[in-house]
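A.B. asks: Dropping a structure here in structure tokens format, bear with me for questions.
The values are calculated or read from the model by the stated rules, or taken from the named source; none is laboratory data. Because the structure is predicted, anything quoted here is derived from the model rather than measured. Because the Cβ atoms are built from the backbone with ideal geometry, glycine has one as well, and the counts that use them run over all protein chains shown. Protein only, heavy atoms only, side chains kept; ligands, DNA and RNA dropped before computing areas. Shrake-Rupley method; radii C 1.70, N 1.55, O 1.52, S 1.80 Å.
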Amino acid sequence: MKDCLFCKIAAGEIPSTKVYEDEQVLAFRDIAPQAPVHVLVIPKKHVSGWYAAKDEDDAALAHLMRVAAEVARMEGIVESGFRVVSNCGKDARQSVEHLHLHVLGGREMEDQMA
Ligand code: AMP
């Protein structure tokens, strides 16, 4: 989608530090990491958020979840543990309107999730 930051990253128009890529999904390092490992996993197809997903997106979004776990494995944080977060809408402070998962790890997280 025009004017979408993550669509531009997926298209290679804006640089990113790529961690994983396949036909449907791109994973890259967050520009402002909040943990030693902070990777964003996005569908290449524009979906604004979970609220906008359609039946036809089911396979790609299931794949997205599995890629998040694969990224954790590649980053060596499966044994120590990791958190997968997806902010959705205003109160959750979603700042980029292109569905994405944050894969966070490499340190012990707070008890509070929010
Ligand atoms: P959210 O606030 O959940 O929508 O997450 C958006 C994330 O995108 C934030 O953690 C930002 O730090 C990250 N971000 C914004 N611009 C870039 C960029 N050009 N490359 C990588 N990460 C970015």
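A.B. asks: At a 1.4 Å probe radius, carbon and sulfur cover how many percent of the accessible area of the chain?
C.D. replies: 51 percent
A.B. asks: I've got another one for you. Starting with the highest mean, order 49-61, 30-42 by the number of other Cβ atoms within 10 Å, averaged over the residues of each peptide.
C.D. replies: Top to bottom by mean Cβ count within 10 Å: 30-42, 49-61.
A.B. asks: With only Lys, Arg, Asp and Glu charged, each at its Cβ (+1 for the first two, -1 for the last two), find how big the charge dipole of the chain is about the Cα centre; round to the nearest 20 debye.
C.D. replies: It works out to roughly 260 debye.
A.B. asks: If the reach is capped at under 19 angstrom between alpha carbons, list the lysines near K44, excluding any in the same chain fewer than eight residues apart.
C.D. replies: K2, K8, K18, K54
A.B. asks: Another one. Can you give the accessible area per residue of segment 5-105, in Å², using a 1.4 Å probe?
C.D. replies: 56 Å²
A.B. asks: For segment 58-71, in order, what is each residue's ³J(HN,Hα) by Karplus, 6.51 cos²θ - 1.76 cosθ + 1.60 with θ = phi - 60°, in whole Hz (x at glycine and Pro)?
C.D. replies: In residue order, the calculated couplings are 3, 5, 5, 6, 5, 4, 4, 5, 5, 5, 4, 5, 5, 4 Hz.
A.B. asks: On a full-extension model of 0.36 nm per residue, what is the gain between K2 and A53, subtracting their alpha-carbon distance, rounded to one decimal in nm?
C.D. replies: 16.5 nm
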